[in-house]
Amino acid sequence: MAQFQNDKEAADSLTRAYQQLRQEIGKVIVGQEDVVRLVLTAVFAQGHCLLVGVPGLAKTLLVQTIADSLDLSFNRIQFTPDLMPSDIVGSETLTQQREFQFVKGPIFSNIILADEINRTPPKTQAALLESMQEYAVTVAGQRYPLARPFFVLATQNPIEQEGTYPLPEAQLDRFMFNIELGYPSYQEELNIVKNTTSDHKPVVSKILHSADIQAYQALVRRVPVADNVVEYAVSLVHKTRPAGERAAPRAKQLLEWGAGPRASQYLIVAAKCNALLTGKYSPDIEDVRAVALPILRHRLVRNFKAEAEGVSVEQIIKELL
């Protein structure tokens, strides 16, 4: 990790590193600029992401490529209905010396891809809860800390609902972002087909190491924020709570439940990071607006009226903004 004279110099370094990361990831991932920006924002802001998209949109490849460019260990866990918590966190086994020894599961890695997380029962989904919040797992009363940085990226298929278990609100709330992946444009898909049907194998260079990322994560926390920006973020979250004093009229009409305090915290931390990545030293209201949709999308619950009228959560958030 390079030594910096001050936070301004470190912030400039992060901006340059972000541009390099985008170039390296762009060697493999065509398009998806907003998705890459949000995932990297979550990495530097110490958050987790939920990726929602149909099969074939390179969700797994995106995570693998980001892990390669960050020089971090990566594990993919395929969630299935018969997956057990011990398959994720590990279990104790009996050795030849008749002693119990803990064998670590795939959760002991820097970046975890939880593929199709809604395909496994709540008991197994809950195995991720402690690791995402506490950065540790507990097995047989023994607590095992996880390596830092630690980042969970879960995927969901929005089409197939049969045989799935919707994530409980408590676990959804632990994800900083809910990122929706769309289909590539015509030109992007042309480039994807050309790149993936030839024998060309792009090599992704390692831009940052574990110590760099942890230093930048600490830097994001030190970024100063003006009071009016904090007030805007908290006010926005309060607008979503239909029973609250500051609720927006549309929220009262269309929402059953609004966002909790964690949304306010994530809005500010993500805005700080967004400001640094775009070359600013302190976030403004535009930075809060830039991250509001993926932060609030999975925290608002529509009521029957909104569903009957076909009003989406995205439409409600855009009206509140």
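Taking the stretch 161-192 as the range and being surrounded by 12 or more Cβ atoms within 10 Å (Cβ to Cβ) and more than 22 Å from the chain's Cα centre (by Cα) as the test, the residues that pass are Glu188, Glu189, Leu190, Asn191, Ile192.
Taken over the stretch 14-42, the residue count meeting the criterion of being more than 22 Å from Gly182 (Cβ to Cβ) and either in contact with a strand residue (DSSP E or B) (Cβ under 8 Å, 6 or more places away or on another chain) or without any contact (Cβ under 8 Å) to a residue 12 or more places away in the chain (or both) is 3. Checking Val288, Val234, Val230 one by one, the residue that is aliphatic (A, V, I, L, M) and more than 28 Å from Asn6 (Cα to Cα) is Val234 and no other.
Taking the criterion of being over 17 Å from Lys239 (Cβ atoms) and either in contact with a Lys or Arg (Cβ under 8 Å, 6 or more places away or on another chain) or not charged (D, E, K, R) (or both), the residues of the stretch 275-297 that qualify are Ala275, Leu276, Leu277, Thr278, Gly279, Tyr281, Ser282, Pro283, Asp287, Ala290, Pro294. Being small (Gly, Ala, Ser) and over 20 Å from Thr164 (Cβ atoms) is the filter here, so list the residues in the stretch 81-132 that pass it. Ser86, Gly90, Ser91, Gly105, Ser109, Ser131, listed by residue number.
Could you tell me how many of the residues in the stretch 177-201 are part of a helix (DSSP H, G or I), of a type in the set (Ser, Thr, Tyr) and within 22 Å of Leu153 (Cβ to Cβ)?
Looking only at that region, the number is 1.
Evaluating Thr60 against the criteria (1) within 19 Å of the chain's Cα centre (by Cα); (2) hydroxyl-bearing (Ser, Thr, Tyr); (3) over 22 Å from Gln23 (Cβ atoms); (4) surrounded by fewer than 19 Cβ atoms within 10 Å (Cβ to Cβ) leaves one unmet condition, (3).
One line per residue, one yes/no per condition, for (1) in a helix (DSSP H, G or I); (2) in contact (Cβ under 8 Å) with a residue 60 or more places away in the chain:
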| position | (1), (2) |
| --- | --- |
| Ala247 | no, no |
| Gln253 | yes, no |
| Arg289 | yes, no |
| Pro294 | yes, yes |
| Ala306 | yes, no |
| Val311 | no, no |
| Ile316 | yes, yes |
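Scanning the stretch 112-169 for residues that are free of Cβ contacts under 8 Å to residues at least 12 places away in the same chain and either of a type in the set (A, V, I, L, M, F, W, C) or under 23 Å from Leu61 (Cα atoms) (or both) turns up Ala136, Glu160. Going by the conditions given, is Thr155 hydroxyl-bearing (Ser, Thr, Tyr) and surrounded by 20 or more Cβ atoms within 10 Å (Cβ to Cβ)? Yes. Does any residue of the stretch 239-254 turn out to be among the hydroxyl-bearing types (Ser, Thr, Tyr), crowded, with 21+ Cβ neighbours inside 10 Å and over 14 Å from Arg302 (Cα atoms)? Checked the stretch 239-254: no residue is among the hydroxyl-bearing types (Ser, Thr, Tyr), crowded, with 21+ Cβ neighbours inside 10 Å and over 14 Å from Arg302 (Cα atoms). If you go through the stretch 232-252 one residue at a time, do you hit one that is touching a Pro at 6+ places or on another chain (Cβ under 6 Å), modelled with pLDDT under 90 and more than 15 Å from Phe44 (Cα to Cα)? Scanning the stretch 232-252, I find at least one residue that is touching a Pro at 6+ places or on another chain (Cβ under 6 Å), modelled with pLDDT under 90 and more than 15 Å from Phe44 (Cα to Cα), so the answer is yes. Give all pairs with beta carbons closer than 9 Å in which a residue from the stretch 262-278 that is without any contact (Cβ under 8 Å) to a residue 60 or more places away in the chain meets a residue that is crowded, with 24+ Cβ neighbours inside 10 Å and of a type in the set (D, E, K, R); count only pairs at least 6 apart in sequence or on separate chains. Hits for this filter: Ala271/Asp287; Ala275/Asp287.
Which condition number in (1) aromatic (Phe, Trp, Tyr); (2) at pLDDT 85 or above; (3) in a loop (DSSP other than H, G, I, E, B) is the one that Tyr144 fails? Of everything listed in (1) aromatic (Phe, Trp, Tyr); (2) at pLDDT 85 or above; (3) in a loop (DSSP other than H, G, I, E, B), Tyr144 misses just condition (3). Residues of the stretch 195-231 that are modelled with pLDDT of 90 or more and among the hydroxyl-bearing types (Ser, Thr, Tyr): Tyr216 alone.
If the condition is being of a type in the set (S, T, N, Q) and out of contact with any Leu (no Cβ under 7 Å at 6 or more places or on another chain), then the stretch 206-240 contributes Gln214, Gln217, Asn228, Ser235.
The values are calculated or read from the model by the stated rules, or taken from the named source; none is laboratory data. Predicted, not measured: the structure shown is a model, and the values here were computed from it. Ideal geometry is used to build each Cβ from the backbone, glycine not excepted, and the neighbour counts take in all protein chains shown.
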